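Student: This structure is in structure tokens; I'll ask about it shortly.
The values are calculated or read from the model by the stated rules, or taken from the named source; none is laboratory data. What you are looking at is a predicted structure, and each value in this text was computed from that prediction instead of being measured. No Cβ is skipped: glycine too gets one built from the backbone with ideal geometry, and neighbour counts run over all protein chains shown.
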Amino acid sequence: MRQTWRVSLAGRIFGIVFIAFGLWVIVRAGIAVARDGLDLALSYALVFGLAAVLLPALLALRPAVTLTETDVEVRNPLRTQRLPLADVADAKTGYGGLRIETRDGRAVTAWAVQKSNLANWTGRRTRADDVADAIAGARVS
């Protein structure tokens, strides 16, 4: 059994569109640099284009939660952590992500799945609830 949850499809599509926009900015700025030489405005355009490529890749395409028979792997934009299922005490949903608490009091937040405040207030079930339940079920068995 190996399950992986990533950022929602809409979030990944938005990230890919933003990356394409960043690449377009970089190409346009590169053409302008080749034609006119490098000036301050073009260097800002290049930096913005680079940020528009890297940030969505980190925030929309990298985060994931993977559940295996023995552990939970939380992959956030800059760090990956593995938690043995035996150490997991609880998994709670929230707007900041899925909060996985360990028996020793540590908590790891998974950015890949989040539950909006509106869903919390209205009692609506989301994908984050499914992930929390899957982790709780794997922890028990």
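Student: From the list R35, R12, which residue is under 24 Å from R124 (Cα atoms), among the basic types (K, R) and not assigned by TED's automatic domain parsing to the domain that holds D130? Steps first, answer last, please.
Tutor: Details: R35 fails: under 24 Å from R124 (Cα atoms).
Only one candidate qualifies: R12.
Student: Regarding segment 71-94, can at least one residue be identified that is charged (D, E, K, R), closer than 28 Å to A20 by Cβ, surrounded by 15 or more Cβ atoms within 10 Å (Cβ to Cβ) and under 20 Å from the mean Cα position of the chain (by Cα)?
Tutor: Checked against the condition, which is being charged (D, E, K, R), closer than 28 Å to A20 by Cβ, surrounded by 15 or more Cβ atoms within 10 Å (Cβ to Cβ) and under 20 Å from the mean Cα position of the chain (by Cα), segment 71-94 yields at least one hit.
Student: Considering each residue of segment 1-42, count those that are assigned to a helix (DSSP H, G or I) and within 30 Å of R139 (Cβ to Cβ), and give that number.
Tutor: Residues meeting the conditions: 4.
Student: Filter segment 84-116 for residues that are among the charged types (D, E, K, R) and in contact with a helix residue (DSSP H, G or I) (Cβ under 8 Å, 6 or more places away or on another chain) and give the result.
Tutor: Taking segment 84-116 first, the residues among the charged types (D, E, K, R) are 87, 90, 92, 99, 101, 103-104, 106, 115.
Hits for segment 84-116 are D90, K92, R103, D104, K115.
Student: Considering each residue of segment 55-77, count those that are closer than 16 Å to I100 by Cα and among the acidic types (D, E), and give that number.
Tutor: 2
To keep it simple, each residue is scored yes or no on (1) over 24 Å from the mean Cα position of the chain (by Cα); (2) surrounded by fewer than 15 Cβ atoms within 10 Å (Cβ to Cβ).
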{"residue": "S8", "(1), (2)": "no, no"}
{"residue": "G11", "(1), (2)": "no, no"}
{"residue": "I16", "(1), (2)": "no, yes"}
{"residue": "I19", "(1), (2)": "no, no"}
{"residue": "I31", "(1), (2)": "yes, yes"}
{"residue": "L46", "(1), (2)": "yes, no"}
{"residue": "L54", "(1), (2)": "no, yes"}
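Student: For segment 96-141, name all the residues that are among the hydroxyl-bearing types (S, T, Y), under 23 Å from P84 (Cβ atoms) and over 20 Å from the mean Cα position of the chain (by Cα).
Tutor: T102, S141
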